[in-house]
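Novice: Structure in structure tokens, see below.
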Amino acid sequence: MDLLEHFGKRLLHDAGIPTPSGTTAVTSEECAVAAAQFGPNVVIKAQIPAGKRGKSGGIRFASSPKEARTEAGQLLGSVIADFKVEELLVEQSVDIARELYAAVLNDPVSKGPLLVFSTDGGMDIEEVSKSHPEKVLRAPIDIRLGLDGTAAVKLLDGTDLTDEQRGSVADVLVRMYDVYRTVDAELVEVNPLVLTSQDAVIALDAKISLDPGAGPRHTELMQGWVAKLPDTATDLERQARELGLNTLIEFDGSVGVLANGAGLTMTTLDAVNHYGGKPANFLEIGGDAYTKATPALGLVLSNPRVRSLVVNFCGAFARTDVMTEGVVNAIEELRPSIPIFFSIHGTGEEEAIRLVRDRLQIEPYDLMDDAVKAAVAATEEMV
Amino acid sequence: MLVTGKENVLVQGLTGQQGSFWAARMAEVGTKIVAGASPGRGGQEVDGVPVYNNVAEAAQQHDLDATVLFVPAMVAKSAALEAVHAGVKKIVLLAEHVPYQDTMEILAEAKDAGAQVLGPNTAGLVVPGVSSLGIMPGFAKNIFRPGRIGVVSRSGSLGTLICLNLVSAGYGQSAFIGIGGDPILGTTTIEAVRELDNHEGTDAVVLVGEIGGGMEEDAAEYVASMTKPVVSFIAGRSAPPETRMGHAGAIVTGDKGSGASKVKALTEAGATVVDVPSQIREALRSAGVEA
């Protein structure tokens, strides 16, 4: 769950990390007023939860309120990387002597926090990391001990920073780590972390992703600060979210798919593709959502492109009898005219298969492949 | 993590609806459940199994070898640490949505204590006919039967489908290791594959992966050194590519993560990568693995 830059910067600022002076603006006029306050030279940044804004035109420069108004007028309402720009961050421009890169993130390999640092920060950091991996420092941190100033300075030993610069950069790294821990972030990234010609260190950007699992510990952050969905989300996807089914993704195919668990659902889509069909959606009702089979099926069927449906359940924790009862209820209520093909295995399968036979007079397939093939064939017959 | 069936198993959260339901399913397979732990429920019994207030109390009365946690995500850390500090060496953490930094703390403590952790967000471990620790249908004869194929899977539901395909094809499993779907895991793909490679009862490994992360690519480096055949299925190869925030993910995992990257790494390491799970049968046959 990604925070918009200005929220991320507020967290950094509150933790004592210097950020540029500035404010947000939602109209061109507000932007001009902000430029008068913080200018004359300002940077105007689209507040969207997407990376590479610089390369996609989401960051503009202005040297007067008038220019700021013009730039804001172009940015506001435009769509960048699937997000409609509705808010801008207007900041005093900073005299950049050097661009550094710093991040703290969850590392699957060391199974703990990882500090990543480079003196070659900026837009091309990914290329630097590929072509000169030695220029990117990576330091696993023991989460029980954390990161202190001495350790942070030591990390910077091999860099060409001056002693004074090392001290101030290390201080920012320690504070970034504190933010990472305090808000249960998955990622705290500052790129660039700027050194000015006066050797001040300033966080010019902030990318902070929060761990949704830790949401109950950070209700305020989660409710107010988490960035919104892409504006390209379809009506069906929006309806699904309202029902608490966050995983629905709509595609342009005609085979409706309902399965449990992300792994099995992806596999069902792979099988639809493999056997020459095109899936209409991704929707999984595994985990705690396995009781939501009725509304889930309603959503899949409300897609007018759907010409056949595969229901593929493999119960482990998710009980197939509970899911199947939900599906059978939905089918009896909605009376869909399209053919439906089942494959059901695992926890609760005997009861689940009996439900499908008795109430729908449908015989489930033993192999997922056969159910998928039949569903694909059914869409072809109807063309 | 593997089990022999001789382990004394604790169930944390035994008095809950899921805990008691799955304890009975695990016992059907042969799992020796000796105790339960639920705060404030000490002194109760569930199906004849004594319940204690916490792991330390249970450990005073029983030699505990393993624990399965049916506890909510937000208390998983304290419950798992109880088990680590009571000296339990095999910990199966089922809960989904455990805060990642809580997982990291658990894993750091477990490592120092010499305990193995499976999960979080795992469906658990099954050694057919011997023991089941978790929420896999280890009791279902059409899905699990004793045999010599080791299965590693991130997903429980997909793992179930794979195991069903194996049994339909005449094969059985030496073990099913569900490693879990979280990015930070106690047992990673490479660690589970290594365990099966070193396991005498395993003739071949079926590696079930998913797009995202770099665990399958990391495992491929080990697969290259194996003599046992490896067959793999990677779920999500037809899914649209995921967008990432920031550069850090790309810096840390490089180009890993896509279905194509995983298939390439595993194929180059000598594994047979199949397009749908039903092809695993043919792939095992071609590799000379008899049912």
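A short reminder: the numbers here are calculations on the coordinates, not readings from a lab. The structure presented is a predicted model; accordingly, all values stated were derived computationally and were not measured. All Cβ positions, even for glycine, are placed from backbone atoms using ideal geometry, and neighbour counts span all protein chains on display.
Novice: Give B:77/B:262; A:9/A:292; B:6/B:77 a once-over and call out the pairs whose C-alpha atoms are over 29 Å from each other.
Specialist: With Cα atoms farther than 29 Å apart: B:77/B:262; A:9/A:292.
Novice: A follow-up question, please. Please report the net charge: other residues with Cβ closer than 10 Å to the Cβ of residue A:26, K and R +1, D and E -1.
Specialist: Spelling it out: positives minus negatives among the neighbours equals -4.
Novice: Once you average over the residues of B:149-157, how many Cβ atoms of partner chains fall within 10 Å of each Cβ?
Specialist: Mean inter-chain Cβ contacts per residue within 10 Å come to 5.
Novice: Also, quick follow-up: Could you give the length gained by full extension between residue A:37 and residue A:79, i.e. 0.36 nm per residue of separation minus their alpha carbon distance, to one decimal place?
Specialist: Stretched out fully, the residue A:37 to residue A:79 stretch lengthens by 12.4 nm.
Novice: Please give the charge dipole size of region A:46-176, origin at the Cα centre, charges +1 on K and R Cβ atoms and -1 on D and E Cβ atoms. Round to the nearest 20 debye.
Specialist: 360 debye
Novice: Also: If you place +1 on the Cβ of every Lys and Arg, -1 on the Cβ of every Asp and Glu, and leave all else neutral, what size is the dipole of the protein assembly as shown about its Cα centre, to the nearest 20 Debye?
Specialist: Result for the protein assembly as shown is approximately 680 debye, rounded to the nearest 20.
Novice: Let me ask you something else. Using Cα atoms only, what is the angle between the long axis of helix A:28-38 and the major principal axis of chain A, expressed in degrees (0 to 90) to the nearest 10?
Specialist: On a 0 to 90 degree scale, this one is about 30.
Novice: I need the shape label for region B:1-138. Rule: rounded when a/c is under 1.5, else prolate if a/b > b/c, else oblate, with a, b, c from the alpha carbon gyration tensor.
Specialist: Rounded.
Novice: Also, I was wondering about something else. Nothing charged except the Cβ atoms of Lys and Arg (+1) and of Asp and Glu (-1): what's the magnitude of the dipole of region B:63-217 about its Cα centre? Round to the nearest 20 debye.
Specialist: Its charge dipole is roughly 500 debye.
Novice: Quick check: net charge around residue A:272, other residues with Cβ under 10 Å of its Cβ, Lys/Arg +1 and Asp/Glu -1?
Specialist: Residues close to residue A:272 contribute a combined charge of +1.
Novice: Only Cα pairs within less than 10 Å get springs; with that Gaussian network setup on chain B, which residue of B:28, B:200, B:268 has the largest fluctuation?
Specialist: B:200
Novice: Distance between the C-alpha centers of region A:300-330 and region B:97-118? Whole Å please.
Specialist: So the separation of the two Cα centres works out to 36 Å.
Novice: Continuing with this model, one more query. For helix B:76-85, report the angle its Cα long axis makes with the longest principal axis of the Cα atoms of chain B; keep it between 0 and 90° and round to the nearest 10°.
Specialist: Roughly 80 degrees between the two axes.
Novice: Where does each of A:202, A:143 land when they are ranked from fewest to most other beta-carbon atoms within 10 angstrom?
Specialist: Going from least to most buried by this count: A:202, A:143.
Novice: Work from the charge dipole of the protein assembly as shown (Cβ charges, +1 for Lys and Arg, -1 for Asp and Glu, about the Cα centre) and give the residue of A:372, B:21, B:250 farthest towards its positive end.
Specialist: In the protein assembly as shown, that residue is A:372.
Novice: Using the charge dipole of region B:83-234 (Lys, Arg: +1 at Cβ; Asp, Glu: -1 at Cβ; taken about the Cα centre), state which of B:104, B:129, B:117 has its Cα farthest towards the positive end.
Specialist: Looking along the dipole axis, the top candidate is B:129.
Novice: Arrange the following residues from fewest to most other Cβ atoms within 10 Å of their Cβ: B:238, B:153, B:174.
Specialist: B:238, B:174, B:153
Novice: Can you sort A:345, B:199 so the residue with the fewest Cβ neighbours within 10 Å comes first?
Specialist: Least to most surrounded, the residues fall as B:199, A:345.
Novice: From the square roots a ≥ b ≥ c of the eigenvalues of the alpha-carbon gyration tensor of region B:145-291, which class results: rounded (a/c under 1.5), prolate (a/b over b/c), or oblate?
Specialist: Verdict is prolate for region B:145-291.
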